[in-house]
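Encoded as structure tokens, the structure appears first; notes follow it.
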Amino acid sequence: MNFVHGILLDKLDIPETVYITDDDNGNNALSPPESCDWRLAGLVYEPRDQGSCNASYAFAVMHATEIQYAIHKLKLLYLSVQQFIDCTHSYGNNGCHGGDTLSLLKYLQTIGLETEEMYPYTGVDQECMANSSNVTVRSIGYKSIQNGSESDLRDVICSEGPYVVTMNIDENFLHYKSGIYQSIYCNESNLNQSMAVIGYDSNEGIDYWILKNSWGTNWGEDGFVYVRRNYGNMCGIASFAFAPVFNFL
């Protein structure tokens, strides 16, 4: 398996506009729980494998959107990641050669997303074949955390659902198998791998994030990785965090 990333570094700019809900005042009314893991609610599919397509940005947003849908609708739904790859070139992305997560959140709000069955994954660049009549999910905006605050990110994971993050990874990350990942070699600026944060916890006094990657279930802990938390925004994990906002009926 090729471990490929899929981020256009020059695209990671602070957005001009961000949708803010009425209760988004920087603080939650309730204190967050000590731990949170959306897998325990049965609302998380196993991680998919992007293969040789350099599109972690697309998988991360798709994973977060699937879980948000499951949280609100109480049912699982495979969404199309190939649509993101094929149809967002006008948003500045390069398909299987990289892109950025924020642009996909804008696309999700403007156009919407079909299911995997309607628009299946091929893992290669192709012409956009999106059909507006097949749109299953469309957001009403997105939220962001861009101050590097891991406590701010923790506060919303359980109350709002998964966030999409982009972090800097090194060679050691590629060969991660289990345990809590920690690195002194990564940095907060060269962000090159996007994933969905689906929870957090602690083990023997060490805090960690639970992230859903897109390298299949043979990598890491069944496709998931536990990244050290509250360790100085290690690898820039809380520098560019976004979440789609929905108004499901």
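With only Lys, Arg, Asp and Glu charged, each at its Cβ (+1 for the first two, -1 for the last two), find how big the charge dipole of segment 108-176 is about the Cα centre; round to the nearest 20 debye. Before the final figure, lay out each step's value.
Numbers: 3 positive and 11 negative charges, 60 e Å.
Computed about the Cα centre, the dipole is about 280 debye.
With +1 assigned to the C-beta of every Lys and Arg and -1 to the C-beta of every Asp and Glu, and no other charges, what is the dipole magnitude of the chain about the Cα centre in debye, to the nearest 20?
Values: 13 positive and 30 negative charges, 51 e Å.
In debye, rounded to 20, the chain gives about 240.
Tally Lys and Arg at +1 and Asp and Glu at -1 over the other residues with C-beta under 11 Å from the C-beta of Y45: what net charge comes out? Each step should come with its number before you reach the end.
Numbers: positive: R39, R48, K212; negative: E46, E66, E116.
Charge balance near Y45 sits at 0.
Counting only other residues whose beta carbon sits under 12 Å from that of M62, what net charge do I get with K and R as +1, D and E as -1?
On the way: positive: R48, K212; negative: E66, E114, E116.
It works out to a net charge of -1.
Which is farthest toward the positive dipole end of the chain among N131, S149, T88, measuring Cα position about the Cα centre, with Cβ charges +1 (Lys, Arg) and -1 (Asp, Glu)?
Farthest along the dipole direction, towards plus: N131.
Karplus couplings for segment 205-220 from phi (6.51 cos²θ - 1.76 cosθ + 1.60, θ = phi - 60°), rounded to Hz, Gly and Pro as x?
Computed from phi, the couplings for segment 205-220 are x, 9, 7, 8, 8, 10, 10, 9, 9, 10, 10, x, 7, 7, 9, x Hz.
Scanning the chain for GluC sites (Glu not before Pro) in DSSP loops with at most 12 other Cβ atoms within 10 Å, what's the longest stretch left with none?
Working: sites that count: E16, E34, E117, E127, E204.
With a cap of 12 other Cβ atoms within 10 Å, the longest stretch comes to 35-116.
Please give me the summed charge of the neighbours of Y78: other residues whose Cβ is under 15 Å from its Cβ, Lys and Arg +1, Asp and Glu -1.
Details: positive: R48, K73, K75, K212; negative: E46, D49, E66, E114, E116, E117.
Every neighbour counted, the sum reads -2.
Taking only the alpha-carbon positions of segment 71-227 and ignoring solvent, what does the Debye formula give for the base-10 log of I(q)/I(0) at q = 0.15 Å⁻¹?
Values, matching the q order: -0.95.
Quick one: which residues, 5 or more positions from D207 or on another chain, have an amide H under 5 Å from its amide H? H modelled 1.01 Å from N in the peptide plane, none for Pro or chain starts.
Amide H neighbours of D207, under 5 Å, 5+ apart: R229.
Quick one: which residues, 5+ away or cross-chain, put their amide H under 5 Å from the amide H of Q193? H built at 1.01 Å from N.
Placed amide hydrogens put M167, I169 under 5 Å from Q193.
Name the residues whose placed amide hydrogens come within less than 5 Å of the amide hydrogen of G141, ignoring near sequence neighbours (fewer than 5 apart) on the same chain.
Amide H neighbours of G141: V245.
Cysteines of the chain lacking any other cysteine beta carbon under 4.7 Å?
If one checks each Cβ against the other cysteines of the chain, every cysteine finds a neighbour under 4.7 Å.
Where a number appears in this text, it was derived from the coordinates with a stated rule and is not lab data. Since the structure is predicted, the reported quantities are computational estimates derived from the model, not experimental observations. So basically every Cβ, Gly included, is an ideal-geometry build from the backbone, and we count neighbours across all protein chains shown.
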